[in-house]
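Data first, discussion second: the structure below is written as structure tokens.
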Amino acid sequence: MEQQYPSLLLEKAVNEFAKLPGIGRKTALRLVLFLLRQSNEEVEGFAQAVSTMKREIKHCKVCHNISDTEICPICADSHRDGSTICVVENIQDVMAVENTQQFHGLYHVLGGIISPMDGIGPADLEIDSLVQRVEEGGINEVILALSSTMEGDTTNFYISRKLQPTGVNVSVIARGISVGDELEYTDEVTLGRSILNRTPFQN
């Protein structure tokens, strides 16, 4: 039986919250009712924060991580090891690797992985910009830190072939991560060890 709402404005707000991943209509209703109990200032602050984020957030020109500036703080940090690039699928994976505190190089965010079933090919990802970064020189190692899935392995293979002419060392994180696991949901200790125990990529 469809939920009946006493207000069309309430229903509209619930519909918007229910579009968020992992948020069902019951949870959406709880969130909306919570906001309804807050002061106008608090709700306006919440709405303003989301609106400002969407409008002003940038993607780093170098690594494609999200940033408040043209160059993200990681790429701008002179204390990082600029000779090593860790290639990840998305922004959540940058955060996961950073939380391990075991990697001190730079990143490259692909924006996804090759997945023909989803219509995602190499041209849809930031692979050419990665090759360009390596070709510009100063990079000794590229670490492929993608999920242990068929799509992740396919993307690893494709990138390694594209980087082969550059002569750069290409490694892959150790399989301490179970096959099929997403990097984002791997615990920090396991992920940290997987990075430290990385191995040369084998075609």
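Per DSSP H run of n ≥ 4, the term is -39500 (n - 2.57); total these for the chain, divide by its residue number, and report the mean residue ellipticity at 222 nm rounded to 500 deg cm²/dmol. So the calculated ellipticity at 222 nm is -12500 deg cm²/dmol. Exposure proxy shown here: for Leu33, Leu8, the number of other Cβ atoms within 10 Å sets the order, fewest to most, as Leu8, Leu33. Note on Lys54: lysines with a C-alpha under 17 Å away, same-chain residues under 8 apart excluded, are Lys19. Helix 25-37 and the longest principal axis of the C-alpha atoms of the chain enclose an angle of approximately 70°.
Over the Cα atoms of the stretch 104-156, the radius of gyration divided by the Kirkwood radius equals 0.99; this is the Rg/Rh ratio. Annotation: amide H-H contacts under 5 Å for Gly105 (H modelled 1.01 Å from N, sequence separation of 5 or more, or interchain): Asp81.
Size check on the stretch 18-123: the Cα extents along the three principal axes, sorted descending, read 52, 38, 26 Å.
Both the radius of gyration and Dmax for the stretch 84-128 are 11.9, 35 Å, in that order, over alpha-carbon atoms. How far is helix 40-56 tilted, in degrees, relative to the longest principal axis of the Cα atoms in the chain, given as a value from 0 to 90 rounded to the nearest 10? With rounding to tens, the tilt is 30 degrees.
Annotation: average projected area of the stretch 1-76 is 7.0 square nanometres, based on the convex hull of Cα atoms across all directions.
No value in this document is a laboratory result; all are computed from the given coordinates. The structure presented is a predicted model; accordingly, all values stated were derived computationally and were not measured. Reconstructed Cβ throughout: ideal geometry from the backbone, glycine too, with neighbour counts over all protein chains shown.
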